[in-house]
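Trainee: Okay, handing you the structure first.
The values are calculated or read from the model by the stated rules, or taken from the named source; none is laboratory data. These numbers were taken from a predicted model, which means no experiment stands behind them. Glycine also receives a Cβ, built like all others from the backbone with ideal geometry; neighbour counts cover every protein chain displayed.
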Ligand code: GDP
Ligand code: MG
């Protein structure tokens, strides 16, 4: 079974906790704090794998969790970072959010971090100051990002073959490339898209996609063809194949118009893509009349027209050369831009935050706070201001006031420390 759609859940690793330890050595009294930081949680990373051609494996495994970071330990030892979890997908896989926004189009070789591992917590050695020599606290690690993802494969091909079932699309692909699609004299032999590389000359080649044939009413869901049309969405050029022999009692002109109407119903952009018309099975076109009519019809529309026989290869090389020539004038294969906006984590109730005071340091911890800190970039001024403003607004500072916090006392929230100012 060919699978080009899957839903999965991903979660990056949690950061390791920081350690509370003190330096101990013979003859050395009261060594300082030397608790190391926890390691970073592993990321979830997507990469393109050109050996993968479908999303079938995601039907069986749906949950992907990266390794957590290890806790820090004494002697300032950092915890080991969690291993990244690398997920391989076929080229052209779209990563979408649960509500359908495009997060990333996996069509280049660049790895993509879809979920970041949580930062490790700071060990107590971080909190030593001249006035605070024995900090007995450290910080827990932060959670990794988690996300429900939809994977959707949209193949990357320069040229898409469109046409009714049985007109010879798979045959054409098989004679011009090393792809070996199933060929037979019945409708819907092709149940999955096939890609083939067509080499014209040194350094000139293109990718040709053969998809299951479109049938009339496909855009209303009458057949498989419509579903697979998305695999030629990105194509730079459409080769519209027609049975030029009018076998099975068909009228080539009518067929041609029907398919174009289907393309248009599916997506007007696809219908207006540059098109080359190839009338196939010319080796058995005894009565030249249907063919001549088609030629006149197509030429009136100003489209290039080729008479070929995929079976005998007649006219095939000319068609391939023309395709390469047209492609050289066209923009590259479409890559989808991301339109995903990460939802901002919410500030919760101050009651869900625990506050502990160690040597005048107010240490805040809590579930929503943790998520917030994990997803805020504190080196960015705007983000930091947003964080502090909303922290004040949500009522935490009132709680601190009740506890007797003074101007200049330190507030410590995971790996963030700042002085309290009223
Ligand atoms: P598809 O459904 O469009 O992929 O069509 P296929 O490639 O599976 O071909 C359907 C049938 O038409 C098969 O029996 C092929 O052998 C036959 N066929 C394909 N091309 C030609 C051709 O150029 N001439 C003749 N006579 N038969 C062909
Ligand atoms: Mg086929």
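Trainee: When you check residue 183 against the structure, is it closer than 19 Å to residue 245 by Cα, within 8 Å of ligand 2 (Cβ to nearest atom) and modelled with pLDDT under 80, yes or no? Even if it seems obvious, please write down each step before you answer.
Mentor: Values: closer than 19 Å to residue 245 by Cα: yes; within 8 Å of ligand 2 (Cβ to nearest atom): yes; modelled with pLDDT under 80: yes.
Taking the combined requirement at face value, the residue satisfies it.
Trainee: Inside region 70-99, can you point out the residues that are in a loop (DSSP other than H, G, I, E, B) and either closer than 15 Å to residue 150 by Cβ or within 25 Å of the chain's Cα centre (by Cα) (or both)?
Mentor: Of all residues in region 70-99, those in a loop (DSSP other than H, G, I, E, B) come to 70-72, 74-76, 78-84, 90-92, 98-99.
Hits for region 70-99 are 81, 82, 83, 84, 90, 91, 92, 98, 99.
Trainee: Still on this structure, please answer the following. Among the strands (runs of 3 or more DSSP E) confined wholly to region 103-187, which include 2 or more residues that are within 16 Å of ligand 1 (Cβ to nearest atom) and touching a helix residue (DSSP H, G or I) at 6+ places or on another chain (Cβ under 9 Å)?
Mentor: 159-163
Trainee: How many residues does region 188-197 contain that are at pLDDT 75 or above and part of a loop (DSSP other than H, G, I, E, B)?
Mentor: Just the residues of region 188-197 that are at pLDDT 75 or above, to begin with: 192-197.
Filter again for part of a loop (DSSP other than H, G, I, E, B), leaving 192-193.
Adding up the residues that qualify gives 2.
Trainee: Determine whether residue 351 is under 23 Å from residue 199 (Cα atoms) and either within 16 Å of ligand 2 (Cβ to nearest atom) or out of contact with any helix residue (DSSP H, G or I) (no Cβ under 6 Å at 6 or more places or on another chain) (or both).
Mentor: Answer is no for this residue.
Trainee: While we're on this one: Consider residue 61 against the criteria (1) modelled with pLDDT of 90 or more; (2) surrounded by 15 or more Cβ atoms within 10 Å (Cβ to Cβ): it satisfies all of them except one. Which criterion is unmet?
Mentor: Condition (2) is where residue 61 drops out.
Trainee: Picking from 233, 255, 267, which residue would you name as being touching a strand residue (DSSP E or B) at 6+ places or on another chain (Cβ under 6 Å) and at pLDDT 85 or above? Can you show your working first?
Mentor: Working: 233 fails: touching a strand residue (DSSP E or B) at 6+ places or on another chain (Cβ under 6 Å); 267 fails: touching a strand residue (DSSP E or B) at 6+ places or on another chain (Cβ under 6 Å).
Unique residue meeting the criteria: 255.
Trainee: Let me ask another. For the subset of region 135-157 comprising residues that are modelled with pLDDT of 90 or more and within 30 Å of residue 20 (Cα to Cα), which member is farthest from the chain's Cα centre (by Cα)?
Mentor: Across region 135-157, the extreme among qualifying residues is 140.
Trainee: Which of (1) within 28 Å of residue 151 (Cα to Cα); (2) surrounded by fewer than 22 Cβ atoms within 10 Å (Cβ to Cβ); (3) at pLDDT 75 or above; (4) within 15 Å of ligand 1 (Cβ to nearest atom) does residue 250 not meet, given it meets every other one?
Mentor: (1)
Trainee: Sticking with this one: Residue check: is residue 35 surrounded by 24 or more Cβ atoms within 10 Å (Cβ to Cβ) and in a loop (DSSP other than H, G, I, E, B)?
Mentor: yes
Trainee: Which residues, counting only those in region 308-343, are more than 23 Å from residue 295 (Cβ to Cβ) and either within 16 Å of ligand 2 (Cβ to nearest atom) or touching a strand residue (DSSP E or B) at 6+ places or on another chain (Cβ under 6 Å) (or both)?
Mentor: 327, 335, 336, 338, 339, 340
Trainee: Continuing with this model, one more query. If you go through region 375-419, how many residues are in contact with a strand residue (DSSP E or B) (Cβ under 8 Å, 6 or more places away or on another chain), over 30 Å from residue 41 (Cα atoms) and surrounded by 14 or more Cβ atoms within 10 Å (Cβ to Cβ)?
Mentor: Selection size over region 375-419: 4.
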